[in-house]
Amino acid sequence: MLNAKKIREDFPILKRKVYGKPLVYLDNAATTQKPMQVIEAISRYYREYNSNVHRAVHKLSQEATEAYESAHEKVSNFIGAKGIQEVAFTKNATESLNLVANSLSRQLSKGDEIILTQMEHHSNMVPWQQAAKRTGARLKYIEIDGNGELKMQQLQSLINKKTKIVAFTHVSNVLGTINPAKEIISAAKDAGAITVMDGAQSVPHMPVNAQKLGCDFLAFSSHKMLGPMGIGVLYGKDELLEKMEPLLYGGDMVSEVSFEDAKWNELPWRLEAGTPDVAGAVGLAAAIDYLLKIGLENIHDHEKLLTKLAIEKLQQIAGLAIYGPEAERAGLASFSINGVHPHDVSALLDAEGIAVRGGHHCAMPLARLLGTFGSTRASFYIYNTAQEMEKLAAAVEKLAARMGKLRK
Ligand code: 7TS
């Protein structure tokens, strides 16, 4: 079992007070806090071996290159890739998804179909909308049911010979739904379609093995898994990355250049043009070490427990609607209070030292579908405690009662 109290000691920011109250940080789906081990790894890089990579033979450059390449190795093992040739570093999940959409759109033509789900974050929707506009391809959506789960029975009728891409989020950042990735991937494969999985909300929280799942592409961000901002990952099967046209051209991504033309470097470097975020990679590697020490199964179990606790308490509050599945779900709870704007809910919780997020959570079509102007979302991670769930529920209850009285 995971010892959240002990883990908290590694996170300097969690000792902070806001408005004189202890910080209760429940905005982990937006970004997570960073442990000393990550902060120190980044700081040590700048203090001791800051240098550009892949460019010089001097000692510092060798050390930086080694650290940068070993961060790829670490990510590769973490997500069950075949090797570093399948792991390209980007800026974030958004850039990874744009890179895939941009590149795959070169293979699309009029009449081809792209299947998405209704619960996608804008980052896994807008790039495909643009790809469809450019190519004349058509977007189709797997709908969600009243429980916030995908209507999987639609999948067989949506997928056909024209389906070229199936792009879906593994875990919804609004509903907490854990989608049946294996089932979706296998149905897509049967139709010969390419699968793109948005792992931004799953890779940090549960074991995700790309090879076992069989997805063709997988995107996620370091900053949602204890690592620094500014670095993300695109996993792709090597035979597909081999065929992928780079988005950026320039230094480091080439093996040979003449005045007329250029040849691409080997994978993954050909997809990482220019000076990369070496400190970010070092920080991400330290974050992975930290997560592995705790164990992804333990993390998932801890979040399940917290979510169950939070939902049980929130369900008792009158005038509250909670979104998402009842049972199997990820570590977050989105809710709305009858007639109160989510921005007001989050501002009032903020005054209690509780950091949550209110709004559409970058999934506007989903918010509209739920018939709300957004929701308030509390999202959890390894350092959150049962006591914090109680604080959240008590603060929401107080707020709901106050709002109820105002309406009378
Ligand atoms: N996909 C999902 C499912 C996400 O939740 C997010 C970010 C992204 C992609 C994009 O990640 P980025 O690192 O490239 O920005 N989600 C959220 C959120 O729910 N609140 O703030 C950011």
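Listing for the model above:
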{"item": "Of residues in the range 145-187 being in contact (Cβ under 8 Å) with a residue 12 or more places away in the chain and among the basic types (Lys, Arg), the one farthest from the ligand (Cβ to nearest atom)", "result": "LYS161"}
{"item": "Residues that are of a type in the set (Gly, Ala, Ser) and within 13 Å of the ligand (Cβ to nearest atom), drawn from the range 193-227", "result": "GLY199, ALA200, SER202, ALA219, SER221, SER222, GLY227"}
{"item": "In the range 2-30, the residues that are buried (at least 17 other Cβ atoms within 10 Å of the Cβ) and within 16 Å of the ligand (Cβ to nearest atom)", "result": "TYR25, LEU26, ASP27, ASN28, ALA29"}
{"item": "Top-ranked residue in the range 362-407 [being in a loop (DSSP other than H, G, I, E, B) and more than 16 Å from the ligand (Cβ to nearest atom); ranked as most open to solvent (accessible area, probe 1.4 Å)]", "result": "PHE373"}
{"item": "Search result, residues across the range 228-246 that are at pLDDT below 95 and within 11 Å of the ligand (Cβ to nearest atom)", "result": "none"}
{"item": "Criterion (outside the structural domain of VAL233 (by TED's automatic domain parsing), modelled with pLDDT of 95 or more and either among the polar types (S, T, N, Q) or within 21 Å of HIS223 (Cα to Cα) (or both)) met by exactly one of ALA378, ALA285, ALA310, ALA395", "result": "ALA378"}
{"item": "Output for the range 67-110, where each listed residue is away from the ligand (no atom under 16 Å from the Cβ) and among the β-branched types (Val, Ile, Thr)", "result": "ILE84, VAL87"}
{"item": "Tabulated pairs, the range 18-41, first basic (Lys, Arg), second in a loop (DSSP other than H, G, I, E, B) and at pLDDT 95 or above, C-beta under 9 angstrom, 6+ apart or interchain", "result": "LYS21/ALA351; LYS21/GLU352; LYS21/GLY353; LYS34/PHE11; LYS34/LEU226; LYS34/GLY227; LYS34/PRO228"}
{"item": "Residue in the range 54-94 that is farthest from MET244 (Cα to Cα), counting only those that are at pLDDT 95 or above and in a loop (DSSP other than H, G, I, E, B)", "result": "HIS58"}
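Yes/no matrix, rows are residues, columns are (1) open to solvent by less than 60 Å² (accessible area, probe 1.4 Å); (2) of a type in the set (Ser, Thr, Tyr):
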site: THR117; (1), (2): yes, yes
site: ASN124; (1), (2): yes, no
site: ALA132; (1), (2): yes, no
site: ALA137; (1), (2): yes, no
site: GLU143; (1), (2): no, no
site: GLU149; (1), (2): no, no
site: SER157; (1), (2): no, yes
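The values are calculated or read from the model by the stated rules, or taken from the named source; none is laboratory data. Since the model is a prediction, treat every value here as computed from it, not as a measurement. Cβ atoms come from the backbone with ideal geometry, glycine included; neighbour counts cover every protein chain shown. In case anyone asks, the SASA skips ligands and DNA or RNA and just uses the protein heavy atoms, side chains included. Shrake-Rupley method; radii C 1.70, N 1.55, O 1.52, S 1.80 Å.
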